[in-house]
Amino acid sequence: AVGSGVFIETAPDGVAMTGVELDREVATVAKTLHQDAEIVPSAFEDFAVRNEGTRGAGFDVVISNAPFCVRNGASQRIHKSDISSADEYFLDTALDQARPGGIVAMIVHRGICSSSNRSEFRRKLLARAELVDAYRLPGEAFSHTHTDVTSDVLFLRKRDPAVGAALVTVFVSSTPTS
């Protein structure tokens, strides 16, 4: 979610920015503050579905703070219904929106990197993108929002689709069975 547009405000001059915001009132504030940016009042899922295959080479950089929750409702039914966690969905879909060689920077729940239940998702993710860097934030990093959660900041570089497809095949076929 773009919120009021902090990333837009701090972007270098001349950079074309697109922000997606679920809350229409907040999107209106962002558009008022950042009139040169494209602000889309929409759920990220709806934006992703509408823009599949229409953005040419994709975005150079995709930045987000993924929600830490389970996906449910209409948004899950319209796009990638096999992904039940919102942070996995946002990360996977942000890669869809980035051009090959583009960067995805995202704040995610620590479970993306640490949970043994998410090893399959990590295999598929790393087949599609190179991990450039990762930082673990302390639990109190978001205490100003009355949240006590350990988060990771991930920086991924999207691989060429042909390389990614080949690596998915290798990673998935070499998945250990219990």
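Between Glu52 and Ala11, what length in nm is gained on full extension when 0.36 nm per residue of separation is reduced by their alpha carbon distance?
Length gained between Glu52 and Ala11: 12.3 nm.
At 1.4 Å probe size, with every protein chain present, just tell me what the per residue accessible area of the chain comes to in Å².
Normalised by residue count, the accessible surface of the chain is 57 Å².
As a test question: what accessible area, to the nearest 10 Å², does Glu88 have when a 1.4 Å probe is rolled over all protein chains in place?
30 Å²
Give me the distance in nm between label points sitting 7 Å out from Cα along the Cα-to-Cβ direction at Asp23 and Cys113, one decimal.
Here the answer is 2.8 nm between the modelled labels.
Rounded to a whole number, what % of the accessible area of the chain do carbon and sulfur atoms account for, probe 1.4 Å?
The nonpolar share, carbon plus sulfur, comes to 55 percent.
Which one of Cys113, Leu137, Phe7 has its Cα pushed farthest toward the positive end of the charge dipole of the chain, where Lys and Arg give +1 and Asp and Glu give -1 at the Cβ?
Among Cys113, Leu137, Phe7, the one farthest towards the positive end of the dipole of the chain is Cys113.
Hey, what's the Cα Rg ratio for the stretch 1-55 versus the globular rule of thumb, 2.2 N^0.38 Å?
Compactness ratio reported: 1.10.
Taking a probe of 1.4 angstrom, what is the accessible area of Leu131 in Å², to the nearest 10?
90 Å²
What net charge is computed for the residues neighbouring Arg24, neighbours being all others with C-beta under 13 Å from the C-beta of Arg24, Lys and Arg scored +1, Asp and Glu -1? List each step's numbers first, then the result.
On the way: positive: Lys31; negative: Glu21, Asp23, Glu25, Asp46.
Here the charged neighbours net out to -3.
Over all distinct alpha-carbon pairs, what is the Kirkwood Rh of the stretch 74-171 in angstrom?
Averaging 1/r across every pair of different Cα atoms and inverting gives 14.3 Å.
Rank these by accessible area, largest first, 1.4 Å probe: Tyr135, Tyr89.
Reading off the accessible areas and sorting them downward yields Tyr135, Tyr89.
For the stretch 80-178, give the magnitude of the charge dipole about the Cα centre (Cβ charges: +1 Lys/Arg, -1 Asp/Glu; no others), in debye to the nearest 20.
300 debye
Give the average over all directions of the projected area of the C-alpha convex hull of the chain, one decimal, in nm².
11.4 nm²
About the Cα centre of the chain, how large is the charge dipole given +1 on each Lys and Arg Cβ and -1 on each Asp and Glu Cβ? Please answer in debye to the nearest 20.
Here the size comes out at about 620 debye.
Suppose the chain between Asp60 and Gln35 were pulled fully straight at 0.36 nm per residue; how much longer would it get relative to their current alpha carbon spacing?
6.9 nm
Given the DSSP H assignment, sum -39500 (n - 2.57) over each helix run of at least 4 residues in the chain and divide by its residue total; what's the result at 222 nm in deg cm²/dmol, nearest 500?
-10500 deg cm²/dmol
The values are calculated or read from the model by the stated rules, or taken from the named source; none is laboratory data. None of these values were measured; they are calculated from a predicted model. No Cβ is skipped: glycine too gets one built from the backbone with ideal geometry, and neighbour counts run over all protein chains shown. SASA here: full protein model, heavy atoms, side chains in, ligands and nucleic acids out. Shrake-Rupley method; radii C 1.70, N 1.55, O 1.52, S 1.80 Å.
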